[in-house]
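Take this structure, written in structure tokens, and hold onto it; I'll ask about it next.
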Amino acid sequence: MHVLWFDAAAFDPLDPNGNITIKWDIMSWTPDGYVAVVTLNNFQMYRHIMSPGWTLGWTWARREVIWSTVGAQATEQGDCSRFKGNIPHSCKRNPTFVDLLPGVPYNQQFTNCCKGGVLGAWGQDPSSAVSAFQLSVGLAGTSNRTVRLPRNFTLLGPGPGYTCGRARVVPPTIFLTPDRRRKTQALMTWNVTCTYSQILARKYPSCCVSLSSFYNDTVVPCPPCTCGCQTKDNCVKSDSKILSMVGVNTPKKDNKPLLQCTRHMCPVRVHWHVQRNYKDYWRVKVSTTNFNYRMNYTLWTLVVQHPNLNNVTQVFSFDYKPLVPYESINDTGMFYGLKFFNDKLMEAGPFGNVQSEMLLRKDKNTFTLKEGWAFPRKVYFNGDECQLPPPDAYQFLPNSAYQNLLSFSTFISLFIFFLIAVW
């Protein structure tokens with residue numbers, strides 16, 4: 001059984017303005033080209049780039065070369081045999097750049113560089129959502145009129161999924177001096193906008209959602225084969241001897257996962273449990289489990305859409321931030337781990353789980369436990385939408401149970417009133 005899965009091409013309704021913008025600022029002209037600062041800004045609210053990081057590529061308009069670079073490096077030098085003496089850093093017509101690793105010598109560093117290509121989400125931590133490097137370009141134009149913009153930009157983050165538009169000249173970037181008393185500006189600036197499409201990134205979803213509630217003893221599991229079907233060589237059982245081997249948790253160069261055998265075969269499962277129902281509040285427990293033995297998720301994010309998220313009273317052991325892409329609707333929230341406590345979802349195993357509870361205040365005009373209303377409408381993990389069970393599989397509250405709940409609440413209220421009156 002395969003799950004039908006549909007996704008918008010490159011538009012996320014919960015983050016309609018989300019993108020990665022690549023900005024080129026020409027800071028000075030040289031005898032045969034220019035020195036530019038290239039900045040990657042991740043304006044996506046909850047989608048970040050994990051290790052092994054971003055890879056940025058483009059095609060030169062002419063026969064430009066890169067004399068030197070600081071804060072990043074080209075993955076290939078290319079054929080520089082026509083040069084004598086001073087050899088360029090890269091002579092490739094279509095260079096590919098990667099960020100430097102942390103701990104490189106100080107003279108190779110640049111502002112906001114050297115994080116191994118990891119780029120945080122804007123909504124989680126704007127200070128970590130930027131990466132930059134400097135490069136000196138030769139055999140290029142030496143003025144605003146003669147310089148030619150690169151073409152065919154590509155971005156891997158770290159895998160496929162991003163589509164980049166054409167470079168467009170924009171007003172020059174304005175800079176403030178350290179004392180903030182003087183403004184300077186770039187000699188020329190152009191931007192490239194890259195947007196993400198989950199359907200381009202992978203054939204199947206990367207996560208699924210299971211559901212349960214206090215008023216039903218059963219669990220609604222993730223649909224079978226949500227993220228692909230189980231075969232003899234694509235997973236291991238949780239009691240397999242392979243898991244005791246040294247180095248089993250070390251990622252492979254091709255990032256091939258080592259998944260625990262499950263019916264859904266997803267690397268990540270999010271479980272939503274309706275835990276308690278009080279007079280004015282209701283309580284939910286959310287658990288996220290990692291089934292990949294070769295991957296841990298640093299700075300993970302979880303996004304949930306539910307109409308009662310407009311009235312969150314308290315979130316325990318997670319950070320919470322409301323997302324309001326449309327000002328009139330407040331039904332979406334982002335959850336992420338507390339720094340140095342649970343901001344890393346460990347690989348599959350006894351520690352591959354993070355969980356939290358939240359308390360929500362009821363809106364008496366809309367709240368109900370009937371017809372699966374208490375379950376989420378959408379769930380995203382690390383920016384990818386998770387597959388929910390089909391609606392006809394949801395746990396519906398029987399009419400008799402709902403009446404019993406009301407009767408019990410009424411009984412408790414009358415009993416408390418009686419005790420107060422007697423006392």
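So with the 1.4 Å probe, I'd like the accessible area per residue for the chain, rounded to whole Å². Before the final figure, lay out the partial values.
Numbers: 22440 Å² over 423 residues.
Roughly 53 Å² per residue, with all protein chains present.
Report, in debye and to the nearest 20, how large the dipole of the range 55-165 comes out about its Cα centre when Lys and Arg carry +1 and Asp and Glu carry -1 on their Cβ. Present the calculation step by step, with values, prior to reporting the outcome.
Values: 10 positive and 5 negative charges, 119 e Å.
In debye, rounded to 20, the range 55-165 gives about 580.
For the range 313-354, which chymotrypsin sites (Phe, Trp or Tyr not before Pro) are in a loop by DSSP, counting at most 16 other Cβ atoms within 10 Å? Write out the running numbers ahead of the final one.
On the way: sites: Phe316, Phe318, Tyr320, Tyr326, Phe335, Tyr336, Phe340, Phe341, Phe351; in loops: Tyr326, Phe340, Phe341, Phe351.
Answer by residue number: Tyr326, Phe340, Phe341, Phe351.
Contour minus end-to-end for Leu101 and Lys232, with contour as 0.36 nm per residue of separation and end-to-end as the Cα-Cα distance?
Numbers: separation 131, 0.36 × 131 = 47.16 nm, distance 3.70 nm.
That pair, Leu101 and Lys232, stretches by 43.5 nm at full extension.
Now a separate question. If I take every Cα pair under 8 Å that is 6 or more residues apart in the range 66-141, average their sequence separation and divide by the length, what percent do I get for the relative contact order? If you can, show how the numbers build up before the last one.
Details: 129 pairs, mean separation 27.8, N = 76.
For the range 66-141, the relative contact order is 37 percent.
Also: I'd like the carbon and sulfur percentage of the solvent accessible area for the range 1-137, probe radius 1.4 Å, heavy atoms only, ligands and nucleic acids excluded. Walk me through the numbers before you get to the answer.
Working: 3370 of 6180 Å².
Answer for the range 1-137 is 55 percent, counting heavy atoms of protein chains only.
In nm², what is the average projected area of the convex hull enclosing the Cα atoms of the range 30-171? Present the calculation step by step, with values, prior to reporting the outcome.
Working: hull surface 37.4 nm².
Directional mean of the projected Cα hull area for the range 30-171 stands at 9.4 nm².
Could you derive backbone 3J(HN,Hα) for the range 166-180 from the dihedral phi with the Karplus parameters 6.51, -1.76 and 1.60 (θ = phi - 60°), listing whole Hz in sequence and x where the residue is Gly or Pro?
6, 5, 10, 5, 10, x, x, 5, 9, 10, 9, 5, x, 7, 6
Relative to the longest principal Cα axis of the chain, at what angle does helix 399-422 sit, 0 to 90 degrees, rounded to 10?
It is inclined by approximately 70 degrees.
Of the chymotrypsin sites (Phe, Trp or Tyr not before Pro) in the range 120-229, which ones lie in a loop per DSSP and count no more than 11 other C-beta atoms within 10 Å? Before the final figure, lay out each step's value.
Details: sites: Trp122, Phe133, Phe153, Tyr162, Phe175, Trp190, Tyr196, Phe214, Tyr215; in loops: Trp122, Phe214, Tyr215.
In loop regions of the range 120-229 (DSSP not H, G, I, E or B), there are no sparsely surrounded chymotrypsin sites (Phe, Trp or Tyr not before Pro).
Out of the total accessible area of the range 253-381 (probe 1.4 Å, heavy atoms of protein only), what percent is carbon and sulfur? Numbers along the way, then the final one.
Numbers: 3040 of 6170 Å².
That fraction is 49 percent.
Once fully extended, how much extra length lies between Asp32 and Arg145, figured as 0.36 nm per residue of separation less the alpha-carbon to alpha-carbon distance?
Working: separation 113, 0.36 × 113 = 40.68 nm, distance 1.41 nm.
Using 0.36 nm per residue and subtracting the Cα-Cα distance, I get 39.3 nm.
Moving on. So what is Rg over Rh here for the chain, counting just Cα atoms and using Kirkwood for Rh?
Numbers: Rg = 26.2 Å, Rh = 24.5 Å.
We get a ratio of 1.07 for the chain.
If amide hydrogens are placed 1.01 Å from N in the peptide plane, which non-local residues have theirs closer than 5 Å to the one on Lys378?
Gln305
Under a point spin-label approximation (7 Å from Cα along Cα-to-Cβ), what is the Ile199-Leu338 distance to one decimal in nm?
For the pair Ile199/Leu338, the computed spacing is 4.1 nm.
Classify the range 168-274 from the C-alpha gyration tensor, please: rounded if a/c falls under 1.5, else prolate or oblate depending on whether a/b exceeds b/c.
Working: a/c = 2.81, a/b = 2.11, b/c = 1.33.
It is prolate, given that a/c is not under 1.5 and a/b is the larger ratio.
Run lengths n ≥ 4 of DSSP H only: what is the helix-derived mean residue ellipticity at 222 nm for the chain, with -39500 (n - 2.57) per run over all residues, to the nearest 500?
Details: 2 runs with 28 residues, N = 423.
It lands at -2000 deg cm²/dmol.
The values are calculated or read from the model by the stated rules, or taken from the named source; none is laboratory data. Bear in mind that the values here come from a model prediction, so they are computed numbers and not experimental data. Cβ atoms come from the backbone with ideal geometry, glycine included; neighbour counts cover every protein chain shown. The accessibility values were calculated without ligands, DNA or RNA, using every heavy atom of the protein model including side chains. Shrake-Rupley method; radii C 1.70, N 1.55, O 1.52, S 1.80 Å.
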